[in-house]
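The values are calculated or read from the model by the stated rules, or taken from the named source; none is laboratory data. Since this is a predicted model, take the numbers as computed values, not measurements. For neighbour counting, all protein chains shown are included, and Cβ atoms are generated from backbone atoms with ideal geometry for every residue, glycine included. These accessible areas exclude ligands, DNA and RNA; they are computed on the full protein's heavy atoms, side chains included. Shrake-Rupley method; radii C 1.70, N 1.55, O 1.52, S 1.80 Å.
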Amino acid sequence: MQPLTEAVSRRVVLAGTGAAVVAAGGRPGVAGAAEAGRPDVDGLTLWYDAPAADWESQALPIGNGTLGAMVFGRVGVETIQFNEKTLWTGGPGSASGYDFGNWREPRPGAITHIQEQINDRVRVAPEEVAAALGQARIGYGSYQSFGELVLTLPTADAENYRRELDIADAIATVEYTAGDVRHRREHFVSHPHRVIVVQLSADRPGQVSFTVAVKLPANRTATTTAMNGRITTAGALTDNGLRFEGQVQILVRGGTRTENPAGEVTVAGADSATILVAAGTNYGDRYPEYRGADPHHRVTADLDRAAKTAYPSLREAHRRDHRGLFDRVRLDLGGRMPHRPTDQVLADYQGADRALEALFFQYGRYLLIASSRDGEILPANLQGVWNRFESAPWSADYHTNINIQMNYWLAGPANLGDTTAPFFRFVEALQRPGAETARTMFGNPGWVVHNETNPFGFTGVHDWPTAFWFPEAAAWLAHHFYDHYRFTLDDRFLRDHAYPVMREVARFWLAELVTDPRDGTLVVSPSYSPEHGDFSAGAAMSQQIVWDLFTAVTEAAGLMGDEQFGAEVGKALKQLDPGTRIGSWGQLQEWKADWDDPADEHRHVSHLFGLHPGRQITPATTPALTRAAEVSLRARGDGGTGWSKAWKINFWARLLDGDHAHLMLSEQLKTSTLANLWDTHPPFQIDGNFGATAGIVEMLLQSHGDEVQILPALPSAWPAGRVTGLRARGDLTVDIAWSAGLAHEVAVTAGHGGRITLRNAAWAIGSAELSGGTAGAVHDGDRVTFTAHPGTRYVLTST
Ligand code: FUC
């Protein structure tokens, strides 16, 4: 058994109030725990014994936040499809016109009229509301494929084929034998160098030959030339004139390199060759033009810099950069990956495979690192950074009625808080267009965004009846800002980013809430539970989101010296309908009136927002509501789209039911996961990957209340294991080793210090020994409370 820490000098033994010490029989060691100082990379590779035939389910994703690529690993003609995250049709300049979703004509009294209808008739059909408040969407656009690198290689039958993605190094590799030559290709997307890198080599000199061409989709103009081993392709999207440029540099060791007038480069008889790709657009995230500098200069500079760097240095800089994030969390559930291709391991999955589950957890972290990086301009979209279509499913956009939020659920707890930077930047950039929508549509201060948005500040509405109206989205986005603060206790972030965003959204809602004639509470009206049912006043999710926002603002206003505004919000919070009602069959009501159908299995479980991601409903503070939430969740069933199953992992974890959380994880792996381990809605949608990783953290560690719960929802399928580097709110980093379902060693480092309460069932039945100088430590049942000094690592050992 590998201890979590070095020997400690001072220990305090905390006599438990509970019964005896852990039952005899010894603790099984955590199988395969890493040797000290040596990263445990076991089980962190997806691999296959054949090339990918299908982009969506088989090709392997690599990315650096802005550039993404899909590796097929074909032998004769290889296609590497790639993306640049800002390449979008739609928005200003779109051929079909663009209005940000704002009403093209003023509609005085339109919202008031719907509110009156709701007051009179209680429920109003979505079609009627859409006819009154919606309008046809124009110029919304879609995320684009940038193009494909097509490599034509000397065709040969390959033997001993292997294609893999090592998620610890973020390198995809293809190897095969053709004739008597072993060929190898490595692929990665470097964040430090901002290029896609493909390296081709062989185990004998002079064996690397291929022709590379760049193929672009038809919906754009482009000029493609090749000179000095560099292919340059530049043009503009036909729809909106957005300019793009891609440059591909081919470098060879040995052999020859020639260009042809079609803009292709041919390499013959080289020992090895490196292909570097840089790409950009003139997109800028500034309202209202959404244009920035021409990409030529930056793309050229990126490629020149990368081309001057030797391949081993590029590779090492990339590895180090990726591992700086990836290695922060290690998870060992005690499983061992069999020597079988990943698609077969997945196909064999019957509901329990600790190695696959741990890999799936880390894959979510890998995908977030690959699709959202600090310093980049747009957040991870519905497909992360990968898309092959001119018209992607849901435009591969930013759905704000759960999907973009789910993309970032894992960031804080899975120790990738810095990947949220482009998400926060994006939300901050929504404030200006969103203020225009708030003013023109609602006559309100603050800002608003509805059901979904694009990179061009689409903050208004369209007219799809069941998915067009969701002004609560901005408050849900603001939740992430405050939660980031709760994880980091970063005062500067609170002052400069979180609080200003929260405050403006709160101003919108102070102006927008109306008094419900039924009971005098403040409610949202019109209110719509996402994609489900009729319009009414005060649906549970609307109220719970506003509750969450107002609670956060009242907490933060004091810290910000904004007491007057805090008091105003606090007063409204007291009058607010909290959106938590128990209905006739014991369920948590989705609407203010008791309309829930126990046979309804709708994928959205919006009325449980307060349970997760909110903190309004917890087993400790609101047991009756928690039971009602469970009744609702059971009725919804264990099915749903990929992201819906992922949400249910989180719900069951918050209900402290580890076995049911694990059941949902297994349902997701069995029925909503593709061979490349991408989540499928269907089709491919990345939120389910991120949501599942977040759910697994919730099973192992929770900190949404005042306490840090260690292994709150550990399933019986994971009796022993070890996790390091998880994050808890309060700027805590937590390592846990457990066996027989109980924590036997917990290490906590408190970045800011202060009073900490940890809970684990082990301490209710035994004593706990605490290292590190802990005056005033208290052991009470399953709780241990102590005062931590900033930066000190404390180790609790169950005895
Ligand atoms: C929400 C969901 C759909 C889909 C879409 C992208 O609107 O209801 O299932 O995930 O987002």
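Under the Kirkwood approximation applied to all pairs of distinct alpha-carbon atoms, what is the hydrodynamic radius of the range 145-197 in Å?
12.9
Hey, what's the per residue convex hull volume over the C-alpha atoms of the range 476-619, in cubic angstrom?
Value for the range 476-619: 114 Å³ per residue.
Can you divide the C-alpha Rg of the range 59-112 by 2.2 N^0.38 Å and report the result to two decimal places?
Cα Rg divided by the expected 2.2 N^0.38 Å: 2.03.
Starting from 0 in steps of 5 Å, tell me what percent of the Cα-Cα pairs of the range 194-247 lands in each bin.
4, 14, 21, 19, 15, 12, 6, 4, 3, 1
Given Cβ point charges of +1 (Lys, Arg) and -1 (Asp, Glu) and nothing else, what value in debye, to the nearest 20, does the dipole of the chain about its Cα centre take?
1460
Across 5 Å bins from 0, what is the distribution of all Cα-Cα pair distances for the range 408-527, in whole percents?
2, 11, 20, 21, 18, 14, 9, 4, 1, 0
Dividing the convex hull volume of the alpha carbon atoms of the range 295-429 by its residue count, what do you get in Å³ per residue?
Per-residue hull volume (Cα only) is 178 Å³.
Can you list, bin by bin at 20 Å, the percent of alpha carbon pairs in the chain, starting at 0?
Reading upward from the zero bin: 16, 47, 31, 6, 0.
If you average 1/r over every pair of different alpha-carbon atoms in the range 491-556 and take one over that average, what Kirkwood value in Å do you get?
Result for the range 491-556 stands at 12.9 Å.
Hey, which of these cross-link pairs are over 23 Å Cα-Cα: Lys215/Lys308; Lys574/Lys648; Lys574/Lys645; Lys85/Lys215?
Lys215/Lys308; Lys574/Lys648; Lys574/Lys645
Report, in deg cm²/dmol and to the nearest 500, the calculated mean residue ellipticity at 222 nm for the chain, where each DSSP H run with n ≥ 4 adds -39500 (n - 2.57) and the sum is divided by the residue count.
That calculation yields -8500 deg cm²/dmol at 222 nm.
Give the ranking of Met560, Met227, Met441 by solvent-accessible surface, highest area first, calculated with a 1.4 Å probe.
Met227, Met560, Met441
Note down, for the range 644-695, the three equivalent ellipsoid semi-axes (square root of 5 times each alpha carbon gyration tensor eigenvalue), biggest first, whole angstrom.
They are 19, 10, 7 Å, listed from largest to smallest.
What does the convex hull of the Cα atoms of the range 253-312 come to per residue, in Å³, rounded to a whole number?
Cα-based convex hull of the range 253-312, divided per residue, equals 102 Å³.
Using the reciprocal of the averaged 1/r over all distinct C-alpha pairs, how large is the Kirkwood radius of the range 542-665 in Å?
Result for the range 542-665, one decimal place: 15.3 Å.
For the range 266-273, what does the Karplus curve 6.51 cos²θ - 1.76 cosθ + 1.60, with θ = phi - 60°, yield as ³J(HN,Hα) per residue in whole Hz, taken in order and with x for Gly and Pro?
With the stated coefficients, the range 266-273 comes to 10, 10, 9, x, 7, 6, 7, 9 Hz.
Given Cα pairs under 8 Å that are at least 6 residues apart, what percent is the relative contact order of the range 636-767?
20
Just want to confirm a number: the relative contact order over the range 147-206, from Cα pairs under 8 angstrom separated by 6+ residues, in percent.
Computed value for the range 147-206: 23 percent relative contact order.
Quote the relative contact order of the chain in percent (integer), defining contacts as alpha-carbon pairs under 8 Å separated by 6+ residues.
Relative contact order, the chain: 15 percent.
Can you list the DSSP H helices in the chain whose Cα atoms extend at least 15 Å along the helix axis and whose mean Kyte-Doolittle hydropathy is -0.5 or higher?
354-371, 421-437, 473-488, 499-512, 540-559, 623-636, 687-700
By how many nm would the segment from Asp203 to His789 lengthen if fully extended, with 0.36 nm per residue of separation less the alpha-carbon distance?
205.5 nm
Would you mind telling me the share, in percent, of accessible area of the chain contributed by carbon and sulfur at probe 1.4 angstrom?
51
What nm distance separates the two modelled labels at Glu105 and Ala136, each placed 7 Å from Cα along Cα→Cβ?
Spacing of the two 7 Å Cα→Cβ label points: 1.5 nm.
Averaging over all projection directions, find the projected area of the Cα convex hull of the range 209-328 and quote it in nm² with one decimal place.
Its average projected convex-hull area is 9.6 nm².
Could you work out the local net charge near Thr400, counting Lys and Arg as +1, Asp and Glu as -1, over the other residues with Cβ closer than 10 Å to its Cβ?
-3
Of Ser584, Ser209, which has the most accessible area with a 1.4 Å probe, and how do the rest follow in descending order?
Sorted by accessible area, descending: Ser584, Ser209.
Quote the FRET efficiency, to the nearest 0.05, computed for Asp157 versus Arg257 with a Förster distance R0 of 30 Å and r equal to the Cβ-Cβ distance.
0.65
Quote to one decimal, in nm, the extra length available between Ala50 and Thr466 on full extension: 0.36 nm per residue of separation minus the C-alpha distance between them.
The Ala50-Thr466 span can extend by a further 145.5 nm.
Using label points projected 7 Å from each Cα along Cα→Cβ, tell me how many nm separate Gln344 and Ser584, to one decimal.
That separation, rounded to one decimal, is 5.6 nm.
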